[in-house]
Amino acid sequence: MRLLARAFPHPYLTVLLTLVWLLLVNRFSVNSLLFGFFLGLVIPRITSVYWPNRPTLSRPALIVQYVLIVLWDIVVANVVVAWLILFRRTRDLQPRWIAVPLELRKPEAITVLAGTITLTPGTLSADMSAEGHYLLVHCLHAPDPDAVRDEIKKRYERRLLEIFE
Amino acid sequence: MQDVMEYLIALFLIVSGVFGLVGSFGLLKLGDPMSRLHAPTKATTLGVGGVLIASMIHAIALEGKASFHELLITLFLFLTAPITANFIAKVHIHRNETPQSMPPAGEDRLWATHDVDKETA
C-alpha cells in the first residue's frame, strides 16, 4: 500500500490527466492511453511539493449528482438572465450585494462553490471576507436577498459539505 | 435521418446565436458595472455550449467519427469563466467601492479586497 501511495501521490489527478490527454488526442489508441498514463504519473510527482495538503473527498460518488444539478441550473440560469435582459426595464431591476456565511472551510470546496455561484441564476461571487468566513455574492435581481442566500446554502453548500468534509 | 440531424444542428446553432446576442445586448443595456458582468458570464455559457453540441452532433452524424475536443472546451470554459468574472468584480470593488458601501462582513469586518495595508494599496 505504501508503495502504491508513493507511485500515485494524487490518484484523482492521475486519472484526470490521463483522461484529458485522451480527449486532446481525440482518438482512442493504446499508445495515447499509455502516454497519458505516463503524464499522469510524472506530473503529480514533480508538482507534489506545491500541494502539501491535497483535498480528501469523503463521498466522491456525489460529485456526479452535483455536476448534473449544476449543469441543469446553468441552462435555467441562461434563460432566466436572458429573460431579465430582454423584458425588464433596467430601472426595475434590483441588483444587490449578499453576504453568504460559509460552513465550508477547505479552500478547494469554497472555490467550487464560488465557481458554481457565478455560473448559476443571476448570482456572481465577487469576494471573500478577510478571514474567509463569508462569501460576497452579487445578485442581478434580488427582491428577497435572504431567499437567495438560503437557496445557495441549501442547494450547493450542503452538497459540497457532504462531498468534501 | 441525415435531414433530422441537420435540422438538429441548425437548431442548436440558432439557440447559441440567440443567447450570444442577448449576452452582448445585456452588456450594453444594463445599468451598473456589476450587473453588466452578469450578462456575459451566463448567457454566453449556453451560447458557446450550443455551438459545441452542434459541433459534436455534426462530427458523429455527418462525419461518422466521435469528437471529444468539445468536452474539453466546455471543461476549460467552466474553469475560466468564473475566474475572469471574479477578477473584474475585484477590480470594481477595489476602485469603486469603499468598506462603507459594502454589506457588513460579520465578524471578519472587511472583505478581502479592502483588507490591505494603506501603503501597498
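Worth a mention:
- For segment A:97-145, taking the residues that are open to solvent by 50 Å² or more (accessible area, probe 1.4 Å) and acidic (Asp, Glu), the one that is nearest to the other protein chains (Cβ to nearest Cβ) is identified as A:131.
- In segment B:78-104, the qualifying residues are those that are surrounded by fewer than 17 Cβ atoms within 10 Å (Cβ to Cβ) and not in a helix (DSSP H, G or I), and the one that is nearest to the other protein chains (Cβ to nearest Cβ) is B:103.
One line per residue, one yes/no per condition, for (1) more than 25 Å from residue A:80 (Cβ to Cβ); (2) more than 13 Å from the chain's Cα centre (by Cα); (3) without any contact (Cβ under 8 Å) to a residue 60 or more places away in the chain; (4) part of a strand (DSSP E or B):
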residue	(1), (2), (3), (4)
A:98	no, yes, yes, yes
A:103	yes, yes, yes, no
A:108	yes, no, yes, no
A:115	no, no, yes, no
A:131	yes, yes, yes, no
A:138	no, yes, yes, yes
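- Here residue A:81 meets the list (1) open to solvent by 40 Å² or more (accessible area, probe 1.4 Å); (2) in a helix (DSSP H, G or I); (3) within 14 Å of another protein chain (Cβ to nearest Cβ) almost entirely, failing just condition (1).
- Residues of segment B:56-77 satisfying the condition of being of a type outside the set (D, E, K, R), within 12 Å of chain A (Cβ to nearest Cβ) and either in contact with a Phe, Trp or Tyr (Cβ under 8 Å, 6 or more places away or on another chain) or not in a loop (DSSP other than H, G, I, E, B) (or both): B:56, B:59, B:69, B:71, B:72, B:73, B:74, B:75, B:76, B:77
- Checking each residue in segment A:117-129 for being part of a helix (DSSP H, G or I) and in contact with a strand residue (DSSP E or B) (Cβ under 7 Å, 6 or more places away or on another chain) picks out A:117, A:118.
The values are calculated or read from the model by the stated rules, or taken from the named source; none is laboratory data. Just so you know, these numbers come straight off a predicted model, no measurement behind them. Heads up, the Cβs are rebuilt from the backbone with ideal geometry, glycines too, and the neighbour counts pull from every protein chain shown. Only protein heavy atoms, including side chains, enter the accessible area calculation; ligands, DNA and RNA are left aside. Shrake-Rupley method; radii C 1.70, N 1.55, O 1.52, S 1.80 Å.
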